[in-house]
Amino acid sequence: MEGPTDAEVAKASRPSVPWGLAHVGIGWLIGMAATVVSMAVAAAAVGSEAVEDPSLTVGALLQGSLYVGLVGMPVWLVVTRGVQWAELGWSGSRSIGLRRKAYMREAGQGLLIGVVAQVAVVPAIYAPILLLTDDLDVSGPARELVDRADGLGIALLILMVVVLAPVAEEMFFRGLALRALEARMAPRAALIASAVFFGVTHFQLLQLPALVMIGLVCGWLAQRDGRLSRALWAHVGFNATTTVVLLAL
């Protein structure tokens with residue numbers, strides 16, 4: 001009697017989660033649809049030019065609409081399907097005291113990883129291209145967003161970029177999508193696929209290499225830890241570094 005093949009062993013060893021790629025796709029499509037509806041509403045209310053070159057308020061509306069799907073799908077699974085937040089990487093099983101100490105340590109490590117990724121890895125990625133051309137403005141979209149911020153706009157910018165984006169995107173791309181991919185393919189392939197998905201979803205071709213890179217970093221941390229805390233804080237550190245630097249210029 002023959003034993004199981006290598007492919008069968010690999011498939012049997014993959015983690016099982018109570019959701020699939022269909023949930024990931026539906027969540028993403030809901031977010032895209034909500035964004036399109038918000039763009040139409042904003043265009044009707046303030047004009048199409050305000051949507052093409054959005055203010056921070058309009059930008060926040062559009063970004064929040066995307067999160068209807070990215071956050072809404074995990075929440076729907078928890079509320080209606082009995083999925084535990086721990087299955088999405090949001091809690092641990094340690095005692096409260098130990099968990100607090102571990103979380104603080106992981107937060108510091110994650111922030112440092114995110115800062116290093118932004119100030120060291122991103123320039124290294126683009127250095128070969130910069131040797132060929134000096135007409136490359138990777139920070140352009142982020143700088144345009146920061147230039148619109150003044151007064152309360154700065155607080156809105158920080159809320160959007162440093163708080164909401166990391167939480168919503170880690171919940172969806174690493175908590176939901178990465179784990180669904182791991183249930184169907186090898187961990188390394190799932191990591192790469194989730195990072196590319198994360199990068200492409202931003203619809204910023206010039207920034208795609210940097211986005212895929214931080215997607216790989218956060219995905220690797222999520223796989224290594226089995227939870228999202230370090231990945232979340234790495235994402236915060238990555239986004240915060242750009243925001244702080246551009247606000248200081």
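Details
This table checks each residue for (1) within 19 Å of residue 76 (Cβ to Cβ); (2) modelled with pLDDT of 90 or more; (3) surrounded by 12 or more Cβ atoms within 10 Å (Cβ to Cβ); (4) not aliphatic (A, V, I, L, M).
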site	(1), (2), (3), (4)
5	no, no, no, yes
8	no, no, no, yes
14	no, no, yes, yes
21	yes, yes, yes, no
27	yes, yes, yes, yes
30	yes, yes, yes, no
39	no, no, yes, no
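- Selection within the stretch 176-187 - of a type outside the set (Lys, Arg) and not in a loop (DSSP other than H, G, I, E, B): 176, 177, 178, 180, 181, 182, 187
- Residue satisfying all of: in the stretch 32-65; in a helix (DSSP H, G or I) and touching a residue at least 40 places away in the same chain (Cβ under 8 Å); nearest to residue 154 (Cα to Cα) among these: 56
- Lone unmet requirement of (1) under 17 Å from residue 118 (Cβ atoms); (2) at pLDDT 95 or above for residue 196: (1)
- Restricted to the stretch 90-103, and to residues there that are under 27 Å from residue 27 (Cβ atoms) and surrounded by 13 or more Cβ atoms within 10 Å (Cβ to Cβ), the residue that is modelled with the lowest pLDDT is 92.
- Test: residue in the stretch 63-83 that is surrounded by 17 or more Cβ atoms within 10 Å (Cβ to Cβ), modelled with pLDDT of 95 or more and small (Gly, Ala, Ser): yes
- Only one of 155, 190 that is modelled with pLDDT under 95 and either of a type in the set (A, V, I, L, M, F, W, C) or assigned to a helix (DSSP H, G or I) (or both): 155
Matching residues to (1) more than 23 Å from residue 154 (Cβ to Cβ); (2) outside any helix (DSSP H, G or I); (3) touching a helix residue (DSSP H, G or I) at 6+ places or on another chain (Cβ under 6 Å); (4) touching a residue at least 12 places away in the same chain (Cβ under 8 Å):
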position: 203; (1), (2), (3), (4): yes, yes, no, no
position: 218; (1), (2), (3), (4): yes, no, yes, yes
position: 236; (1), (2), (3), (4): no, no, yes, yes
position: 243; (1), (2), (3), (4): no, no, yes, yes
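- Unique residue being surrounded by 19 or more Cβ atoms within 10 Å (Cβ to Cβ), over 23 Å from residue 105 (Cα atoms) and not basic (Lys, Arg) when the list is 208, 176, 232: 176
- Of the criteria (1) assigned to a helix (DSSP H, G or I); (2) free of Cβ contacts under 8 Å to residues at least 12 places away in the same chain, which one residue 198 fails: (2)
- Criterion (in contact with a Cys (Cβ under 9 Å, 6 or more places away or on another chain), part of a helix (DSSP H, G or I), modelled with pLDDT of 75 or more and on the phi < 0 side of the Ramachandran plot) met by exactly one of 106, 169, 87: 169
The values are calculated or read from the model by the stated rules, or taken from the named source; none is laboratory data. The structure displayed is predicted, hence computed values, not measured ones. We place every Cβ from the backbone using ideal geometry, glycine too, and count neighbours over all the protein chains shown.
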